Structures are given as structure tokens and as C-alpha cells.
Amino acid sequence: LLPFHLDRINPRSAELKEIRKADLAIDFFQGVKLALDSLSREGYNFKLQVFDSQEDELHMVNLARAKSVLSNELIIGPVFPESIKIFSEFADLQHKLEVSPLAAADPEQFKNPNLVSITNNIEQHGRKIAEFINSNYKPENVNLILINTRSSDDDKFASPFKSFLSELSGKKFVIKERPNSIGLEEDLSQSKTNLVIIASASRDFVLPTIDLLYKVSQAGSKIEVFGHPYWVKAQFLNAEKMQWLNTRITSSFYIDYKSSRVKSFIARYLRDYGTDPSEYAFKGFDSGYYFGKLLALYGNKYAEHLTEDQYEGLHNNFRFIKDQKSGFLNTELMILKYQGFELQPEK
């Protein structure tokens, strides 16, 4: 179930700008198709049906009730939170699963125990940083500063981080929390490593904060920065300053273009579709291959095996746990660090 928006696009008269609205859906579908083609070469057979979600409420209700949709063993999509919510409310899935392949929204809001969330939500990003700090630093050796504006968006990242770090360390880490970087120098330590967690993704907030930390760090303070996960796609960050500040960012997406598997996928995608794969094509391939293999191996019992194995994907790994309220959650998440003036997985 993908947003092709065919109800709004006339192929005969549409301009490129209009057609581009379907890029996400087309790229993701082509990735899934390539994955199922790969499995077919291994001797498995699939029937793939494709529906345009159109991102229309009434249309989504109709899809959620349609036999042509519910007769399938697995449903991938829809991709946007509002459509996921509507589909989850009206679809009687029984033993079947609904895969949310792209949304990073909190899955608990959908109240769907049959939902499989591939992309990590913001709470998981907070937990990952808490786990990293708890595993790699001693409380007595670091000065921990959390810059949190306490806006609703920033607190969704900051609050889980604080809660998980307290829980994991037995409250051994002391967190100095402040709303901005004004007067930040007073909170920095000259004798300890300063771990600075910046919970904001706002350009106007982040840039002056980074400039200040860079200046202070050059004067001798030892600083390591942990950024908001949205920084991964930010175009305004200076790689030199990020690397100087030992910046780390959590991410559920990273492509190793040196990998032979990645090179092979790009070559096949280029051959079949005449263009390089986008982020959504990589995600489509991993979703199609992982769930296609589950279906091939276990048939309609595949949901019972979802939490058993780990899948090493092109863009991220999959390892699922079952949550009674939220369904199945992917727990795999990477720490990326600036090395060679670009983000690379922390070894």
C-alpha cells in the first residue's frame, strides 16, 4: 500500500514536478520487486499485489475493508502515520501482519498489536545514546550536559534519554540540564570529558551552540557531542567542526558503498530501472527480502518466527521484539561518528 497518487496524476499531461510526488512509492516498490526477484531465483514464488493508498481517508478505509487487500498474507504499508492509524483501526488482520516500513512515529499511538515497525522511533534513539554512554564511560570521569529547550519535539528525545540512562546506570550519572547554550562555559569541566547531548534539530539553535562548543574546545576543553537523529540529513552542519567535537548521531539508515552486496544491488537496480537507487529503494529491498524470506520459509505461520532471527540488511539490520501495545519493534540502531569528515558507523 503505497502513495502513488495516481488519482492526481495524469500520465499524458503531468509535469515532472507532479510525477515526482510518486518517487517515494515508485522507488520503494522497485526495491521490493528486486528483492522478490532475488528470492524467486532461489526457488520461491510470490504473488505481489500493489495498491495506491492515495493518502485519502475514505479510500484508506475502503482498502482496510477490501477482500482484495485482506486476502494477502502480509501487508506492507501504508507509509504515513495518519494512513497507518486509519488502516489499523478498520482492518481485521487476524493472524496477519501490517508492516510500517518508513514511519518513525511512536507505534503505540496506532494501538495495533499486528503492526511491525521497521524504522526506529525517537524514544529508541534516546535509549541508544543512553546505552552507549553507560557502556563506554565511567560516571566519575565525565561531565554530562543535556541541552534541552523543552519544546515538545525536543523533549521526545531528551526525556527517554534521561530516563534510560538513570535506569541503566542506577542513577550514577549526574546530568546537568539547561535550556540553551547561553553561559554554557560555566558548566564545562576542565578536568573531565564533557559529554554534551543536544536535543534540538533546529538550525537556528544548533549552529550557534556548535560554534560555541567548537570555540571552547579549541581553547582546551575536552568535548564530545551527541546530536539529535535528524542531524543525519542536515545540510547545514560543518563536517570539520563536527569531527573536532567527536560528534556522534544515532541512525537507522546507513549505506556502505564499499560493500560488495551494496555494489551488486546498485548494479542490478541500475540495469533494471535505468537509475541509481534512492534511500527508499534500499529500504524497499530490505523489507521485501526479509519478509519475503519469512513467508517462503514459514507460510502463514511466519508471524510466529518474527522475533527469532536477525537480518543483516543493506541499510540497517532487523531484530524484532514483541510489545503488547505497539506490536513488533525493530531494535537495531547504529551510532554514526564523524570520521574522515563524514559520518561512519562507530566500530
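The values are calculated or read from the model by the stated rules, or taken from the named source; none is laboratory data. Please read these numbers as outputs of a predicted model, since none were measured by experiment. Neighbour counts are summed over all protein chains in view; Cβ atoms, including those assigned to glycine, are modelled from backbone coordinates with ideal geometry. Just so you know, the surface numbers come from the protein's heavy atoms only, side chains and all, with ligands and any DNA or RNA stripped out. Shrake-Rupley method; radii C 1.70, N 1.55, O 1.52, S 1.80 Å.
Given a 1.4 angstrom probe, what's the average accessible area per residue across the chain, in square angstrom?
I get 50 Å² per residue for this part.
Leaving out ligands, DNA and RNA, what percent of the accessible area of the chain is carbon and sulfur, probe 1.4 Å?
Carbon plus sulfur share of accessible area: 47 percent.
Given a cut-off of 30 Å, name the pairs among K156/K258; K171/K241; K162/K241; K67/K322 whose C-alpha atoms lie farther apart than that in the structure shown.
K156/K258; K171/K241
Net charge near K337: determine it from the other residues with C-beta under 12 Å of the C-beta of K337, scoring Lys and Arg +1 and Asp and Glu -1.
Once positives and negatives cancel, what remains is -1.
State, in angstrom, two size descriptors of segment 180-245 derived from its alpha carbons: Rg to one decimal place and Dmax to the nearest whole number.
11.3, 33
Calculate the translational D of segment 66-225 in whole µm² s⁻¹ from Stokes-Einstein, where the hydrodynamic radius comes from the Kirkwood formula applied to all Cα pairs, the temperature is 37 °C and the viscosity 0.692 mPa s.
After rounding, the answer is 181 µm²/s.
With just the Cα atoms of segment 1-108, tell me how far they stretch along each of the three principal axes, in Å, largest first.
That works out to 42, 37, 28 Å along the principal axes.
Give me the one-decimal Kirkwood hydrodynamic radius in Å for segment 133-229, with the sum taken over alpha-carbon pairs.
13.7
Rounding to the nearest 10 and keeping the result within 0 to 90°, find how far the Cα-based axis of helix 23-41 lies from the longest principal axis of the chain.
70
Taking H as built 1.01 Å from N, whose amide H comes closer than 5 Å to the amide H of Q339, not counting residues under 5 places away?
Long-range HN contacts for Q339: Q344.
Using only the alpha-carbon atoms, what does segment 260-333 span along each of its principal axes? Please give whole angstrom values in decreasing order.
42, 27, 20
Hey, got the dipole for segment 38-147? About the Cα centre, +1 on K and R Cβ, -1 on D and E Cβ, debye to the nearest 20?
Here segment 38-147 has a charge dipole of around 340 debye.
So how far apart, in nm, are the two label points at D309 and K263 if each is 7 Å from Cα heading toward Cβ?
Going from the D309 label point to the K263 one covers 2.6 nm.
Could you tell me the extents of the chain's C-alpha atoms along the three principal axes, largest first, rounded to whole Å?
65, 42, 39
Quick one: helix 203-218 against the long Cα principal axis of the chain, what's the angle to the nearest 10°, folded into 0 to 90?
40
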